Amino acid sequence: MRPARALIDLDALRHNYQLARTVSGAKALAVVKADAYGHGAVRCAKALEAEVDGFAVACIEEALELRSAAIGKPILLLEGFFEAEELALIDQHDLWCVVHSTWQIEAIERTHFGRPLTVWLKLDSGMHRVGLHPADYQAAYQRLLACDKVGKIVLMSHFARADELDCERSVEQVAVFEKARAGLAAEVSLRNSPAVLGWPNISSDWVRPGIMLYGATPFEQEQALAARLRPVMTLESKVISVRELPVGEPIGYGARFITERPTRVGVVAIGYADGYPRHAPTGTPVLIDGQPSRLIGRVSMDMLTVDLTDLPHAGLGSRVELWGKNVLASDVAALAGTIPYQLFCNLRRVPLVYSGA
Ligand SMILES: *Cc1c(COP(=O)(O)O)cnc(C)c1O
């Protein structure tokens, strides 16, 4: 069998969830959209279910996957519904629903519900992606209250730049939010992972941690709380071929690396078709049988090459960590010009192997 696999540490997942709870002092929806950022939504949700206040997903397809797996805790649809027809399923499966646009309010008014709908009413406080305009927010709230279909309403907004610790934009967004919701006595949800970790003075009743659950930092720089996260995924494979090359030999596609010394090259069975970023440059860290080394040459679809020259005990069958507890996904991502979110979400073809269930 091909040795590439992703080990998923569910104890670490629970540790990170509890960290989100403790540092925020709030109720926390575990964000498990996009198949739990590539970690497997059903297994992650089951591992968390006993202790979570609820889950959040991007769409009804993701919510129904969880309900089919007998997950009974609240599930929030972060973009609500895309078509009014989804409201019947939202009602049937008792899902919580973000409302970000007036057309969604009109659709709710026209629908018959078997139970009161829980709405998370989203304000655009400055990210300018989805959410109601501040001038329309109070009217939307009153309209939902008046239509007799809605039970609870939670007031929410989302930060654009909470990962930038020296940027005051999040504070400005809070000011816009507070002004728009003045006088509305309802629970509030503002904070994603970077806001939970980096903006302790922004309080809210509910937080929505995503990336931090999976143990990756949302920040570019070191951050004390982020250092307490435990990486959940370890992406690993093995050395399947070894060769000794003299000085001046090219390695791999495009001859992007030329040996500068006599070099022992290890070929590892993992590539960009598994989600390892093709743009990771020579020098990107890897761990080989517990020893630090580096990627050399271009990443190909099913294989990549590493430097074994200084690791005389490494060879055929050596275990290679591409990211995980020792090689941080956030470091690999930064070198490849992306973020750990994308590395995790791009994971494919490799089996997920769980521990700590
Ligand atoms: C994805 C998402 C989150 C989680 O964001 P992280 O940065 O991964 O913590 C929170 N809220 C909303 C609305 C989202 O779409």
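The values are calculated or read from the model by the stated rules, or taken from the named source; none is laboratory data. These numbers come from a predicted model, not from an experiment. Cβ placement follows ideal geometry from the backbone for every residue including glycine, while neighbour counts extend to all protein chains displayed. With ligands, DNA and RNA removed, areas are computed over all heavy atoms of the protein, side chains included. Shrake-Rupley method; radii C 1.70, N 1.55, O 1.52, S 1.80 Å.
How much mean residue ellipticity at 222 nm does the chain get from its helices, if each DSSP H run of length 4 or more adds -39500 (n - 2.57) and you divide by all residues, to the nearest 500 deg cm²/dmol?
My calculation for the chain gives -7500 deg cm²/dmol from helical runs alone.
A Förster radius of 45 Å combined with the Cβ-Cβ distance from Glu178 to Arg2 puts the calculated FRET efficiency at roughly 0.25. Each Cα pair under 8 Å and six or more residues apart adds its separation to the average, and for segment 233-355 the resulting relative contact order is 30 percent. From Cα pairs below 8 angstrom and at least 6 apart in sequence, can you work out the relative contact order of segment 10-218, rounded to a whole percent? Across segment 10-218, relative contact order equals 22 percent. Under a model in which nothing but the beta-carbon of Lys, Arg (+1) and Asp, Glu (-1) is charged, segment 10-218 shows a dipole of about 380 debye around its Cα centre.
Approximating the spin labels as points 7 Å out from Cα along Cα→Cβ, the Val247-to-Val130 distance works out to 6.0 nm. For the pair segment 124-167 / segment 187-242, the C-alpha centres are spaced 24 Å from each other. Under Stokes-Einstein, with the Kirkwood radius over Cα pairs as Rh, the value for the chain at 4 °C and 1.567 mPa s is 59 µm²/s. In units of the rule-of-thumb radius 2.2 N^0.38 Å, segment 10-218 shows an alpha carbon radius of gyration of 0.98.
Carbon and sulfur atoms: what percent of the 1.4 Å accessible area of the chain do they account for?
52
One compactness figure for segment 233-355 is 0.99, namely its Cα radius of gyration divided by 2.2 N^0.38 Å.
Under 5 Å from the amide H of Val188 lie the amide H atoms of Leu155, Asp205, Trp206, each residue being 5 or more positions distant or on a separate chain, with H modelled from the backbone and absent for Pro and chain starts. Centre-to-centre separation between the Cα atoms of segment 318-342 and those of segment 12-41: 20 Å. Per residue, the chain exposes 43 Å² of accessible surface when a 1.4 Å probe is rolled over the protein heavy atoms with every protein chain present.
In the calculated pair-distance distribution of segment 15-76, the portion above 13 angstrom amounts to 56 percent of the Cα-Cα pairs. Axis angle, to the nearest 10 degrees, between helix 134-146 and the longest C-alpha principal axis of the chain: 60 degrees. Estimated from the Cβ-Cβ distance and a Förster radius of 35 angstrom, the FRET efficiency linking Glu168 and Ala146 is about 0.40. Short-range pairs are left out: with C-alpha atoms under 8 Å and at least six residues apart, the relative contact order of the chain is 19 percent. Computed from the Cβ-Cβ distance with R0 of 30 Å, the FRET efficiency linking Lys27 to Arg349 stands at 0.25.
At q = 0.11, 0.14, 0.25 Å⁻¹, work out log10 I(q)/I(0) for segment 212-274 with the Debye formula, treating every Cα as an identical point scatterer and leaving solvent out; two decimals please. Values, matching the q order: -0.50, -0.69, -1.01.
Overall size of segment 143-285 from C-alpha positions, given as principal axis extents largest first: 76, 35, 28 Å. Each of Leu316, Ala36, His279 was placed along the dipole of the chain (beta-carbon charges, centred on the mean Cα), and the one lying farthest toward the positive end is Leu316.
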